[in-house]
1. Anything over 19 Å Cα to Cα? Flag those among 123/188; 123/284; 101/513; 332/431, in the order listed.
2. Please tell me the relative contact order of the chain in percent, rounded to the nearest whole number, where contacts are Cα pairs under 8 Å and at least six residues apart.
3. Amide H of residue 338 versus every other amide H placed in the peptide plane: which residues, excluding those fewer than 5 positions away on the same chain, fall under 5 Å?
4. Determine the equivalent ellipsoid of the range 143-237 by diagonalising the alpha-carbon gyration tensor, then write out the semi-axes as square roots of 5 times the eigenvalues, largest first, rounded to whole Å.
5. What are the ³J(HN,Hα) couplings of the range 469-479, residue after residue, when phi is run through the Karplus curve with 6.51, -1.76, 1.60 and θ = phi - 60°? Round to Hz, x for glycine and proline.
6. With axes computed from alpha carbons, what is the tilt in degrees of helix 447-458 against the longest principal axis of the chain, rounded to the nearest 10 within 0 to 90?
7. Taking every eigenvalue of the Cα gyration tensor of the chain, multiplying by 5 and rooting it, what semi-axes result, largest first, whole Å?
8. Can you list residues from other chains, or at least 5 along the same chain, whose modelled amide H is less than 5 Å from the amide H of residue 517?
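The values are calculated or read from the model by the stated rules, or taken from the named source; none is laboratory data. Quick caveat: nothing in here was measured; it's all calculated off a predicted structure. Every residue, glycine as well, gets a Cβ built from its backbone with ideal geometry; the counts of neighbours run over all protein chains shown. The protein model used for the area step is the full one, side chains on, heavy atoms only, and it has no ligands, DNA or RNA in it. Shrake-Rupley method; radii C 1.70, N 1.55, O 1.52, S 1.80 Å.
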Amino acid sequence: MAKSKKSPVDRRHFLKGAAAGAVALVAKPPAAVAQQVRAAIPAADAVEGTASSPVEVRSMEKPGSDFMVDVFKSLGFEYFFCLPGGGTGIQESIINYGGNKDPQYILVMHEESGAAMANGYAKIEGKPALVCGHGTVGLQHAVMGIYDAFCDRVPVYVVIGNTREPNSEVGGVHAAQDPAALVRDMTKWDDAPASLARFAESAVRAYKLAMTPPMMPVVLTMDEPMQVRPVPNGGADLRIPKVGTMAPPAGDSASVAAAARMLVAAENPVIVATRAVRSANGLKLMVELAETLQCAVIDQHRRLNFPTRHPLNQTLLCAVGGKPLMIPAAMKPDVVLGLESTDFFDTVRPLVQDGNPPKLITITAGDLFRKANYQDNMRFRDVDLAIAADAEATLPDLIEACKRLITPDRKRFFEARGVKLAEAGRQAQEKHRADAAYGWDASPLSTARLSMELYAQIKNEDWSLVTESFWIREWPLRLWDFNKHYQYIGGAGGEGVGYQAPAAIGAALANRKHGRLSVAIQPDGDLMIANGCLWTAARHHIPILMLMHNNRAYHQELMEIQATAARRSRGIDRVNICAKIDNPEIDYAKLAQSMGVRAEGPLNDPKDLAAAIRRGIEVVKSGEPYLIDTITQPR
């Protein structure tokens, strides 16, 4: 329809004014925002000589996506990790109706990175964040991040849009009859509610299931027309259910008592913990159980399950290349207690092969829920007592059951055992310190020196290492003093490359409000999978100190290709073709700077490292990310 010549409307002027007003909307409560939006857009008869508004307005009533934001707010979500797509519903409601707070929109460059950020966030904060995917294509991008969280038993809450009535070519290829089918075997639950009332119920149910051990990702499909259409009766007939208090499943008293009898009667019990601890109280309970029994503890480091310098920590005695994979037969345990163990078969394999196998006990919520397709449950190990329950929730009852059985004579025996274990641990610690000295002044930098130069400057801070340390021979876990649960969160559950950098940034985002100093030792190949996450860190002022472990290779694969070529007598002179990251070499400092992250390097002289770390910490304490590109030895 043509506009009147008498009083034309300048569309550019109108949109400029509307955009300026939108800035002020963010700080206003939802009701005020909605009211101001209505006032900002003129009605059809407000402009002289025109019969319609200069911008298309489908509805000024409360859309369904606003109600969805109300539901998300009731569940306490802090962040909404999203790569924009479409934007017709939930995204606009988050930033305007919801005031861009609880949840706050975190703009990511890839859905896989968004899922990894939510993973790192959840492992620090103990609750999920929202990850948004644009229909089928967004979910396809997020798959690896979802799989990592599934294998790692992390609650990640994924929402995707969909429509079963595509009205365009693009809408059709981005839609599906059952979009969540793509990830159904790697999630705990999914739903596609057909009404807003059902959406509220499904959203709360999804949260409860994600947060109930074993914790896993959930997916909620939000119908696009349901997001856009007005809420019937303004939402007066809609109800948001209460999530209530969620108690994790604890072991039954008879089974816990049986486990206590076996542990107290044992001459040399060993506790192996994989993902047993998720809170400060969980770490405290682990220490209490070990000290009650004065027994050895082995931490397999999928979380921080036990303080690294505790006298009963015997992890360093069974580390292979720095990583605790299995219990050596030389430890000769007669009872092994596995807590949330991922691969108990391999953990105790040397003991079973020794001919005099110990009694085996497991406490794991993994026995309460299994999917069939992916083999993350590993091989089956027959055990003497399997308690299907959450390990952290079961620890208080197990500790009390053990205490009731300990006689004065038994207590004296335990104390003598504890003295021997402490001495063995001290000797192992000294050996690892000596090993770290090799190549101390080497250039490129040794990974031991990289680790210790960093620790020397953060040890008196409230710090959190937000990357795993397998790729640097576990030097931090071998030499640093980890004694808080948030100081180490483990790695990618599905071993997906591209997890470390975004997960570290998500964890740093969670640490930010607690005032913690987040540090990362970042593998180079992993960053190249998802380096757009650096821009997200700069855009949202996420403070993190990132030291590059730049060995200019996918070194794990390089070693494996070398071994394969050697076995086949073909020589190893061509293996660089497969796995070296050189020719050209990547300048990670310039890469970071191009995305707004302050950075320096590359450094390969160990004498330059301390000053660079000091500069980085100063920037991070000011609330910004910082990257130091360090050229390192392979491992």
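1. On the way: 123/188 17 Å; 123/284 17 Å; 101/513 14 Å; 332/431 21 Å.
Table pairs above 19 Å Cα-Cα are 332/431.
2. Working: 1275 pairs, mean separation 79.2, N = 635.
This gives 12 percent for the chain.
3. Placed amide hydrogens put 272, 361, 362, 363 under 5 Å from residue 338.
4. Working: eigenvalues 127, 71, 13 Å².
Three semi-axes, in Å: 25, 19, 8.
5. Values, residue by residue: 10, 4, 6, 10, 6, 6, 4, x, 5, 7, 10 Hz.
6. 70 degrees
7. On the way: eigenvalues 467, 191, 94 Å².
Values for the chain, descending: 48, 31, 22 Å.
8. Sorted by chain and number, the residues that satisfy this are 462, 463, 464.
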